[in-house]
Amino acid sequence: MRLVVLASGSGSNLQALIDAIHRDELPVQILAVGSDRPGTYALERSAAAGLETFVVDYRSFPDRAAWDAALLEAVLGFQPDYVLSSGFMRIVGADFIGAFPRRYLNTHPALLPAFPGAHGVRDALAYGVKVTGCTVMYADEGVDTGPIIAQRAIDVLPEDDETSLHERIKAAERELLIQVLRDLAAQ
Ligand code: GRF
């Protein structure tokens, strides 16, 4: 499976993929890692692992459509089978989704359709749920609305804060993501 990964943050899930590939446990080739802003830890990790990186900086485009078009062009240049949003904090446009039908994957740190959006862990804690989890899905044009591929549940502990809960969710998210990519690569 030829994969382009998009990430905006620390890239810890991406690092888990890189490690699994190095251990020969995941038959995936990461063609490149892209970001919507320069200087992220995800880009730093990727460069350290010898991966190609690219930035399509949201702030250097006049509008969303221009940024979308530039992102699509950059990703298409790598001719990936799949694109993975791994903590990529931007919604892409219709052209991007249309270019990768059921080929653009996303993860979310809650059990969708509960708690979509940028603060899924915080919102679940604030609501007081006793079980939350993570979701791997196909991304569409909505915010965490695409078809669900797989989910895993995690208990919320009485002493949890957002950081501790998100760390446990991310541990599950990494395992689930690797499993899903392995299954898709085998198809
Ligand atoms: C993950 O929980 C992902 O679902 C969310 O942000 C986190 C990514 O963390 N959107 P990292 O950048 O992989 O460390």
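The values are calculated or read from the model by the stated rules, or taken from the named source; none is laboratory data. Here the structure is a predicted model, which means the values were calculated and not measured. Positions of Cβ are backbone-derived with ideal geometry, glycine not excepted, and every protein chain shown enters the neighbour counts.
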Point to revise | Evaluation of residue 67 against (1) of a type in the set (Phe, Trp, Tyr); (2) within 15 Å of the chain's Cα centre (by Cα); (3) modelled with pLDDT of 95 or more (one fails), failing number | key: (2)
Revision key, fill the gap. Note on residue 139: of the conditions (1) surrounded by 14 or more Cβ atoms within 10 Å (Cβ to Cβ); (2) closer than 15 Å to residue 112 by Cα; (3) hydrophobic (A, V, I, L, M, F, W, C); (4) at pLDDT 95 or above, unmet is (4)
Practice item. Consider residue 147 carefully, then state whether it is more than 28 Å from residue 51 (Cβ to Cβ), away from the ligand (no atom under 15 Å from the Cβ) and not small (Gly, Ala, Ser). Key: yes
Check your understanding: Looking at the range 75-92, which of its residues are crowded, with 19+ Cβ neighbours inside 10 Å and hydrophobic (A, V, I, L, M, F, W, C)?
Key -> 75, 83, 84, 88, 92
Check your understanding: Out of (1) surrounded by fewer than 17 Cβ atoms within 10 Å (Cβ to Cβ); (2) among the small types (Gly, Ala, Ser); (3) farther than 19 Å from residue 181 by Cα, the odd one out for residue 150 is which?
Key -> (3)
Exercise for review: Would you mind stating whether residue 95 is over 16 Å from residue 7 (Cα atoms), surrounded by fewer than 19 Cβ atoms within 10 Å (Cβ to Cβ) and either touching a residue at least 60 places away in the same chain (Cβ under 8 Å) or of a type in the set (Val, Ile, Thr) (or both)?
Suggested key: no
Practice item. For the range 82-92, indicate whether the set of residues that are modelled with pLDDT of 95 or more, among the hydrophobic types (A, V, I, L, M, F, W, C) and within 11 Å of the ligand (Cβ to nearest atom) is non-empty. Key: yes
Practice item. For the range 106-125, indicate whether the set of residues that are more than 16 Å from the ligand (Cβ to nearest atom) and either over 25 Å from residue 18 (Cβ atoms) or touching a Pro at 6+ places or on another chain (Cβ under 9 Å) (or both) is non-empty. Key: no
**Study point:** Pairs with Cβ under 9 Å, 6+ apart, first in the range 9-30 and within 23 Å of residue 76 (Cα to Cα) and within 10 Å of the ligand (Cβ to nearest atom), second β-branched (Val, Ile, Thr) and part of a loop (DSSP other than H, G, I, E, B)
**Key:** 9/40; 11/40; 17/28
Practice item. Only residues that are in a helix (DSSP H, G or I) and either among the acidic types (Asp, Glu) or crowded, with 19+ Cβ neighbours inside 10 Å (or both): list them for the range 1-14, please. Key: 13, 14
Revision key, fill the gap. Scanning the range 38-54 residue by residue, those out of contact with any strand residue (DSSP E or B) (no Cβ under 6 Å at 6 or more places or on another chain) and more than 13 Å from the ligand (Cβ to nearest atom) turn out to be 39, 48, 49, 50
